[in-house]
Structures are given as structure tokens and as C-alpha cells.
1. I'd like the full set of residues that are touching a helix residue (DSSP H, G or I) at 6+ places or on another chain (Cβ under 8 Å) and either within 15 Å of ligand 1 (Cβ to nearest atom) or of a type in the set (Ser, Thr, Tyr) (or both), limited to region 112-140.
2. Go through region 64-83 and count every residue that is open to solvent by 50 Å² or more (accessible area, probe 1.4 Å) and either within 9 Å of ligand 1 (Cβ to nearest atom) or of a type in the set (Val, Ile, Thr) (or both).
3. Got a sec? Which of Leu228, Leu251 is at pLDDT 95 or above, within 16 Å of ligand 1 (Cβ to nearest atom) and either open to solvent by 20 Å² or more (accessible area, probe 1.4 Å) or assigned by TED's automatic domain parsing to the domain that holds Val127 (or both)?
4. Select from region 89-121 the residues that are within 13 Å of ligand 2 (Cβ to nearest atom) and open to solvent by 10 Å² or more (accessible area, probe 1.4 Å) and list them in ascending order.
5. Checking Met212 against (1) in a loop (DSSP other than H, G, I, E, B); (2) under 25 Å from Pro236 (Cα atoms); (3) away from ligand 1 (no atom under 16 Å from the Cβ), which test does it fail?
6. Considering only region 296-323, state which residues are touching a strand residue (DSSP E or B) at 6+ places or on another chain (Cβ under 9 Å), assigned to a helix (DSSP H, G or I) and either among the acidic types (Asp, Glu) or open to solvent by 60 Å² or more (accessible area, probe 1.4 Å) (or both).
7. Is it the case, given these coordinates, that Ala65 is touching an Asp or Glu at 6+ places or on another chain (Cβ under 8 Å), assigned by TED's automatic domain parsing to the domain that holds His160, of a type in the set (A, V, I, L, M) and closer than 18 Å to Ala10 by Cα?
8. Look through Ala10, Ala16, Ala65 and report the one residue that is small (Gly, Ala, Ser) and outside any helix (DSSP H, G or I).
Amino acid sequence: MRKVFVTGGAGFIGSAFVKLLLDESDDWFITNFDALTYAGNLENLTGLDENRHHFIRGDIADRDAVTQALENDCEAIVNFAAESHVDRSITSADDFLRTNVTGTQILLDAARAKGVKRFVQVSTDEVMGSLPEDDASFFTEDSPFAPNSPYAASKAAAEHLVRAAHHTFGLDTVVTRCGNNYGPRQFPEKFLPLAIANAMNDQTIPVYGDGMNVRDWIYVEDHCRAILAVMEKGKPGRVYNIGARNPRRNLEVVQSLLDALGKPHSLLRFVTDRLGHDRRYAIDPSLIEAELDWRPRETWASGLAKTIAWYRENNRWLENTRSGAYRDYYRLQYGTEVNAS
Ligand code: NAD
Ligand code: TDX
């Protein structure tokens, strides 16, 4: 068995990656290390093969817990664990620094101490800041760092620590930088599942500013296949941008959703803009396409249809995540109540 230590595997992308690994080959044994914050959900992991997947509740910023959980002879650490929501980082950056920065360094130290063969850091396009609105520029692997939110700054800091571990200690590291993921099991603080949940409940959808901000959208399984390709075939020390060549304005995203759900555009509400809101992200994925022969499988239409179908069929999952603390978060963030069905 090839051992992989996945952190944050009870979250949105991490759980999709765990499922993909288990589906792709019988060779993998996964230790899934996750603190189960508000974003972690054991319901995301139901039905997995217990002979090949072992869940440990633990915090990547807790050195002793990491040292205890990480076995020798691991093929790779794949680090998904993070505080991941930009709006929460604007309210308070404390948890972002602890998990995203300190946690990453603790994992890097543990990887060296236990002889882990490869360290995969799951990063984000947001470390490169915002592109100009009116040109056709894209982020490449050589784009300069320019993080604009506390979240992006914490992910940029983590990338610097990964780079330093490679340069100083010769640790085999690879970094992936992806854009906006969508798909099943995404926590409904993020724009797309929030919009789906609200629309399904005939509640208005808050669109920040003028709705003309551009995000580059990718179906979560396509992102996970790219991470797997980088884990298995990426060059040591390299950064790989991941994108499906699918940049879209937020307004267009909501309108497509409402059309697909058969709901009126009158559900759309412009609200006060996010502080420091990045205007445009667009990713050039040429390197991973050429070097690792990776391509996305889903189109925007097919990915969106699958996503909507999943939320329709999993209303219980959605309403569980929208209960309790989510209601307090929503009230604080939007000044209105969650109107569950
Ligand atoms: P998520 O918020 O859905 O899940 C994060 C997971 O990490 C949760 O299960 C949570 O319990 C766990 N976690 C948080 N703090 C932890 C800690 N201290 N120790 C152990 N576990 C902890 O996030 P996501 O959207 O699945 O994102 C996963 C990764 O991908 C993050 O590193 C994020 O920066 C990156 N990323 C996300 C996107 C996106 O569109 N969602 C795009 C690019 C990159
Ligand atoms: O209520 C909202 N209204 C709105 O207009 C929310 C929550 C968001 N938005 C806008 C802000 C963004 O322009 O929609 C866009 C997408 O917002 P988010 O889902 O919060 O994602 P974003 O800020 O773009 O960051 C995401 O992509 C990069 C992930 O959350 C990060 O983890 C990832 O690194």
C-alpha cells in the first residue's frame, strides 16, 4: 500500500480528493487528518472503505498531534487544511495565520522528520492578487505575488515556507494554484452553494458590488485530478497553475444558476461590496496541460448541472450545514436571517 497523509480531507476539496484516490486505485492507504472546524464535516466521508481510509481528528498547528499521527514511509503529504473563506479573514485573520501559516510549517517540519517523499501544497490563484479588468492577461506560474486579502496573504506566506523547505532542506515539494472550485459538498458560505441554497429557498442572493468581478471556475473533481497528476508526476520544487479556461463574471454565474433552477432573476440583490474585493482572476493552465497532460473533463454546463443535481438530491446535507452557527455567521455577514425551507 502507498501511504498518503491528507490534511483537511473532511472539507469540500479534500473530501473529493480522498474519494478520487480511493476510486482511482486500490494501492492507496489514506490517513485523513482534519480538525473538523465549522467547514469540516464527517458526512462528507460516509461510505468510504475503512481498510484504505483512516480518519484522525487533529489540528495541523498542533505539533505533537501531527508528529503522532504521521507515520514513516509516507509517499506524500497533501495539505488541504486551511481556513478558506475570504470574508471570514476580513472579520478576523487569527485562525488564518494559525492554520494556514503555522500549520503549514509544522507539516513541513514533520515531513522532513519522518522522511515523507513529497509535500503537496494546495494553494490558490489569490496569492497573485487581481488582474486588470480590461485586458486579456492571465496568471502564469511566473506572475508576481500580490495577495490582497488576509486569506490570500496567509496562503502566500504558506507558499513561501514551502519554497524555503525545498531550497534550504531539499524537501521534495510541489505547489498547485487553482481558481474557484464548485461542485458537491461545498460549504454554503462560498458564493455558488450560497446562491443555490438561497435560490432553492426563494431567498434573495447577495451579489457584492456591481457583480462584474471575474472568477475562473473549475469543477472540483477536475481540480483533484490535477492535484493527483502533480503529486505523481510534477517536478520537484515546481508550481503548477490549475484552471479550466472558464473565467466568468459573478452576475453571469448567478443568472445561469437561476435559469437552471427555474427561478426569477428578481432574486438577485446587489449588496455592499467586499472590502478589497479582487476584480479579476484568470488562469493560464498551459504548463500543467503540456507537462503533465492534464485536461478538465467537465464543461461549465456539465459541471453546473451535476452540482445543482447534487444539492437538490442532498437537501438534508445542505440544511444541516445551514443550521446552528451558520445562522449567526449569515446574520453578521449579510444583516439578514437564513430563511431555510
Ligand atoms: P474548506 O474550508 O471546505 O475545508 C477546509 C478543511 O480543513 C475542513 O475540513 C477543516 O475542518 C479543515 N481544517 C481547518 N483548519 C484545520 C486545522 N488547523 N487542522 C486540520 N484541519 C483543519 O476548504 P476547501 O474549499 O476544501 O479548500 C481546501 C484547500 O484548497 C484550502 O487550502 C484552500 O486554500 C485551497 N483552495 C480552495 C479553493 C476553492 O475554490 N475552494 C480554490 C483554490 C485553493
Ligand atoms: O455572498 C457573496 N456574494 C458575492 O458576490 C459571496 C460569498 C461572494 N460573492 C463574490 C465574491 C467573489 O467575487 O463571488 C465571488 C466568489 O466568492 P467566494 O465564493 O467567496 O470565493 P473567492 O473569494 O473568489 O475565493 C475562492 O476562490 C479561491 C475560495 O473561497 C478560496 O478558498 C480560493 O482560494
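The values are calculated or read from the model by the stated rules, or taken from the named source; none is laboratory data. All figures in this text were calculated on a predicted structure; none of them were measured in a lab. Cβ coordinates were reconstructed from backbone atoms using ideal geometry, including for glycine residues, and neighbour counts include every protein chain displayed. Surface areas here come from the heavy atoms of the whole protein model, side chains and all, with no ligands, DNA or RNA. Shrake-Rupley method; radii C 1.70, N 1.55, O 1.52, S 1.80 Å.
1. Phe119, Val120, Gln121, Val122, Ser123, Thr124, Glu126, Val127, Gly129, Phe139, Thr140
2. 1
3. Among Leu228, Leu251, only Leu228 is at pLDDT 95 or above, within 16 Å of ligand 1 (Cβ to nearest atom) and either open to solvent by 20 Å² or more (accessible area, probe 1.4 Å) or assigned by TED's automatic domain parsing to the domain that holds Val127 (or both).
4. Correct list: Ile90, Thr91, Thr99.
5. (2)
6. Residue satisfying the conditions is Lys306 alone.
7. Judged against the criteria, Ala65 is a match.
8. Criteria check complete, one pass: Ala10.
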